[in-house]
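Accompanying notes for the structure given below.
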There are 4 protein chains.
Amino acid sequence: PDIQSTGDVRKVAINKVGVTNVRYPISLRTPGEGEGNTFLHTVATINMFVSLPHHEKGTHMSRFLEVLNEYHEELCSDTLVEICASMREKLKSQDAFLDLTFPYFIDKKAPVTGQSGKLDFDVRFEIAAGTIDDFIMTLKVPATSLCPCSKEISEYGAHNQRCEMTVKVRIADGVHLWIEELFAMIEKCASTQVFSVLKRPDEKWVTERAYENPKFVEDIVRDMAVTLNADDRIEWYQCFSENFESIHNHNAYAFIENDKREKTD
Amino acid sequence: PDIQSTGDVRKVAINKVGVTNVRYPISLRTPGEGEGNTFLHTVATINMFVSLPHHEKGTHMSRFLEVLNEYHEELCSDTLVEICASMREKLKSQDAFLDLTFPYFIDKKAPVTGQSGKLDFDVRFEIAAGTIDDFIMTLKVPATSLCPCSKEISEYGAHNQRCEMTVKVRIADGVHLWIEELFAMIEKCASTQVFSVLKRPDEKWVTERAYENPKFVEDIVRDMAVTLNADDRIEWYQCFSENFESIHNHNAYAFIENDKREKTD
Amino acid sequence: PDIQSTGDVRKVAINKVGVTNVRYPISLRTPGEGEGNTFLHTVATINMFVSLPHHEKGTHMSRFLEVLNEYHEELCSDTLVEICASMREKLKSQDAFLDLTFPYFIDKKAPVTGQSGKLDFDVRFEIAAGTIDDFIMTLKVPATSLCPCSKEISEYGAHNQRCEMTVKVRIADGVHLWIEELFAMIEKCASTQVFSVLKRPDEKWVTERAYENPKFVEDIVRDMAVTLNADDRIEWYQCFSENFESIHNHNAYAFIENDKREKTD
Amino acid sequence: PDIQSTGDVRKVAINKVGVTNVRYPISLRTPGEGEGNTFLHTVATINMFVSLPHHEKGTHMSRFLEVLNEYHEELCSDTLVEICASMREKLKSQDAFLDLTFPYFIDKKAPVTGQSGKLDFDVRFEIAAGTIDDFIMTLKVPATSLCPCSKEISEYGAHNQRCEMTVKVRIADGVHLWIEELFAMIEKCASTQVFSVLKRPDEKWVTERAYENPKFVEDIVRDMAVTLNADDRIEWYQCFSENFESIHNHNAYAFIENDKREKTD
């Protein structure tokens, strides 16, 4: 007997049911120019859910993995929306949710010597199909913050530290936003950027640049908001920065949320 | 010059600004009976935020820690709402947010031999003061789930595993709900409970009890919902279970949210 | 002035100095048969160190990343020993250490229906060049354990759970051991294996197989030791299993270490 | 039948078998002066093991928790060696191992204003009884590092960051070393210290102090070694620092080990 298909009498619908913490190789289309391979290979941690109406006893858990295994070596950013639709169909559900988090890499040149190196950061895609079709992209952007107060009050020096700026955006229908574009918009909001390789002249440049450009965590998050407000492709966002203060064993944090569609009137 | 107090021209208000990842010793009042010490000592990881209007440049980060350090060894569950109000006042803000996560312990007797032992689990309090006064409590309740399908189709045995049931509740004004009460309500929703010490007769009891009481992750989360629906002290909840499947390297998951106030009409 | 190259008077040599927590895309040669792509793409978290004699002030941190960035998209398991030698040379050190941890994937067929799916697990390579040339491989193998005591004393059922078996091996000079080979040797040591996709007949098979094959954590780790003792390619090993007990909120653990070269006499 | 007590024919002894990831409230004796409460309450994550000879099938897992639960609210640093001996006796083993990790707190005054606040850091005790009686203490000390090269080459400013210095020491028989003493010895080795609360004059002090005292990760770890070499209570140590570079998304690291007893001749 297929127990999952028997009825349920509790009259309680389930918002999301499925599998979590599935790791899978995935490739991402990159905005590489010219010919050749423009895909980046990485590994995603994946959650997959569907909704379940109150009268159904259970979902069919193995089908989530079957959908994924159909793609096998070919799981790719191009097909994620299709996969979410496929989950909805194969599991006969009103709503399907596909949630992937993966490390991403961009080639970045050092500011003076131009030496190239890979910078890593985390990206998340949250896709929904059904009642609402949705696509939310989150980036965790590492950078440097330098404290304006510390600079102002000190004879010399200023405390600075790595910070992590998180941006979560809902993109308007029919428009495209590359990870690389959003990354570049956001990393400008800190005191200076981080790099993979810095030779002596590069280190001088980033040190002085940070000192010339002090920012509180409040400044960073406000500059993120101003940047995100100005891009019409972004309908809604949350952004925050967490600064790993070099003078404390705790962090500084600031958070802003904005739903542009609410403000139109 | 006090840079934080200078103005800001970006016209962007900040929803939350403050400190994260502050660890601090804390004591929690427990429903212990009779005389004697009824406080449990543990360690919280704390986030503290206030809102910042668009025209203020920055908040005063050191004041968050000053508020905490005033309480010193005496930080206690009795004073958390007071601390949140104090943050709002000392930082002259419209809104203050206090968020604490800590391990909690209950003494639990083994089901047959009655041997007592401590069971650990995580608790989170999210407190808000200002525009909205709020108190949200989250518990992560460990237990055992046993698969009905595996039991049904197999000649003998059934796969089972540890699961973690998470419940997040908003409590109605003026009522009280002990951690211990909510824990007891929730752990009943799994196939069987987990214990610190199990002697031979206890192990027989929990093994057989789980086999007699198979539950899908969907059943567990629905039973959580039915339980939470029935308690009028709870105005709103989110609940989910994550089952660490013994036959897979990924987890099964189900989630339900219910705002009772929306349903009253 | 190149401060790193000035002398040091403290008379203290440094065993290891370098960079940690570098994430980088990497490809691994797999034992795939026939023609075509036999490389698996994944992401490694990398530590890179050299030794530093007492009279040298500092190492040149940027060179570690330069070595890595030379390989760029082509970082591959074939070249890791070469990279470690290159670190030693470019940093003019007596000893170099290269340490990589990455998720790995194998295609595994369900035991009855033969449905194929990817199973993920963590692998670590620790490579040394210089005073000692060394290669240590660590695998974290997920599987299922079922408790013999619980089975013996209960009328029906037996508690079971996911376990993680860790094996760390030093391989003899000039011999080869595929990740896939070591994985297959180790996963046999548990009560039964875990799979990506299990249809109904597969779930019956693994449930019954686990019940027929109960093992304490002590049995699992001893069977790992017997297996590793029997393979002459392995000179030294550490192995342990951590079982995420379904009836407790803590884990069961057992550990064995064996240096075969010490036992030869 | 007591399966654990039946024999085993595989001829494989087990180095360590027991329980991991047990959380428990614990109190630590502090060097507080005068009368009153001199105990600090915190929460430990505990591993407990014994050795098992080749001819014994299994250990008795529930006894580990029984030993712990005997102490109940009274688990204390004063009794840890006694607990390890008790494990050895109750489990009839040659060797017993008790391993506890917990957050610890010290009251620290800001350098200029003298404002007091709690600083948190992690401590680990590894205790062995039997073939070898051993006590190893590990501290993870947060502080600030400022880069000498960045200072030297830049017109103004210098990159700095939080660092975490880890020290692991074996203490000679019959001598005592407070956590507070070791912490104070180690935190001096960085460019400057971190604090809970810093008012304006304090922030000026730490900013300038760091700038006046630049240190590479190599300098930090060498100063740790020099400090540890000079204290005769310490027989053996490992020490390392991990610096969370503000200009990179990876960390700088250096490590030194020294067994003083080997060097005596």
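The values are calculated or read from the model by the stated rules, or taken from the named source; none is laboratory data. Just so it is clear, the model here is predicted, and its values are computed rather than measured. Positions of Cβ are backbone-derived with ideal geometry, glycine not excepted, and every protein chain shown enters the neighbour counts.
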Subset of segment D:1-16 (residues that are surrounded by 13 or more Cβ atoms within 10 Å (Cβ to Cβ) and either more than 11 Å from every other protein chain (Cβ to nearest Cβ) or modelled with pLDDT of 95 or more (or both)): D:V12, D:A13, D:I14, D:N15, D:K16
Please determine whether any residue of segment C:167-175 is in a helix (DSSP H, G or I), basic (K, R) and closer than 26 Å to D:G18 by Cα. no
Which one of the conditions (1) within 11 Å of chain A (Cβ to nearest Cβ); (2) touching a helix residue (DSSP H, G or I) at 6+ places or on another chain (Cβ under 8 Å); (3) surrounded by fewer than 20 Cβ atoms within 10 Å (Cβ to Cβ) does D:K108 fail to meet, given that it meets all the rest? (2)
Six or more apart or on different chains, Cβ atoms under 6 Å: show the pairs whose first residue is in segment C:101-121 and touching a residue at least 60 places away in the same chain (Cβ under 8 Å) and whose second is of a type in the set (S, T, Y) and part of a loop (DSSP other than H, G, I, E, B). C:G117/C:S196; C:K118/C:S196; C:L119/C:S196
When B:S145 is evaluated against the numbered criteria (1) touching a His at 6+ places or on another chain (Cβ under 9 Å); (2) among the hydroxyl-bearing types (S, T, Y); (3) touching a residue at least 40 places away in the same chain (Cβ under 8 Å), which criterion, by number, is the only one it fails? (1)
Filtering segment C:255-265 down to residues that are more than 10 Å from every other protein chain (Cβ to nearest Cβ) and free of Cβ contacts under 8 Å to residues at least 24 places away in the same chain yields C:E262, C:K263, C:T264, C:D265
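Per-residue answers, yes or no, for (1) in a loop (DSSP other than H, G, I, E, B); (2) under 13 Å from A:S145 (Cβ atoms); (3) away from chain D (no Cβ under 14 Å):
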{"position": "A:E208", "(1), (2), (3)": "no, no, no"}
{"position": "A:A225", "(1), (2), (3)": "no, no, yes"}
{"position": "A:L228", "(1), (2), (3)": "no, no, yes"}
{"position": "A:Q238", "(1), (2), (3)": "no, no, yes"}
{"position": "A:N249", "(1), (2), (3)": "yes, no, no"}
{"position": "A:Y253", "(1), (2), (3)": "no, yes, yes"}
Looking at segment B:59-71, I want the residues that are basic (K, R) and have a partner that is buried (at least 16 other Cβ atoms within 10 Å of the Cβ) with Cβ atoms under 6 Å, at least 6 apart or on another chain. Which pairs are those? B:R63/B:K90; B:R63/B:L91
Segment D:53-90 - residue that is under 24 Å from the mean Cα position of the chain (by Cα) and outside any helix (DSSP H, G or I) and, of those, surrounded by the most Cβ atoms within 10 Å (Cβ to Cβ): D:L75
Residues A:V43, A:V19: which one is over 23 Å from B:C163 (Cβ atoms), within 12 Å of chain C (Cβ to nearest Cβ) and within 22 Å of the chain's Cα centre (by Cα)? A:V43
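Any residue at all in segment D:94-104 that's modelled with pLDDT under 95 and not β-branched (V, I, T)?
no
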Among the residues of segment A:153-166, how many are free of Cβ contacts under 8 Å to residues at least 12 places away in the same chain and not in a loop (DSSP other than H, G, I, E, B)? 1
Does any residue of segment B:188-201 turn out to be surrounded by 17 or more Cβ atoms within 10 Å (Cβ to Cβ), in contact with a Pro (Cβ under 7 Å, 6 or more places away or on another chain) and within 12 Å of another protein chain (Cβ to nearest Cβ)? yes
Would you point out the residue of segment D:147-170, among those that are hydroxyl-bearing (S, T, Y) and facing another protein chain (nearest Cβ under 7 Å), that is nearest to D:L100 (Cα to Cα)? D:S150
Identify the single condition in (1) buried (at least 23 other Cβ atoms within 10 Å of the Cβ); (2) more than 30 Å from C:S191 (Cβ to Cβ) that B:A230 does not satisfy, given that it satisfies every other one. (1)
From the set of residues in segment D:124-150 that are charged (D, E, K, R) and farther than 15 Å from D:W236 by Cβ, which is surrounded by the fewest Cβ atoms within 10 Å (Cβ to Cβ)? D:R124
Only one of these conditions is not met by D:A184: (1) within 24 Å of B:Y24 (Cα to Cα); (2) not in a helix (DSSP H, G or I). Which number is it? (2)
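Go through B:F49, B:F125, B:F97 for me and flag whichever is under 21 Å from D:T42 (Cα atoms) and part of a strand (DSSP E or B). Let's see the steps before the verdict.
Working: B:F49 fails: under 21 Å from D:T42 (Cα atoms); B:F97 fails: under 21 Å from D:T42 (Cα atoms).
Of the residues listed, the single one that is under 21 Å from D:T42 (Cα atoms) and part of a strand (DSSP E or B) is B:F125.
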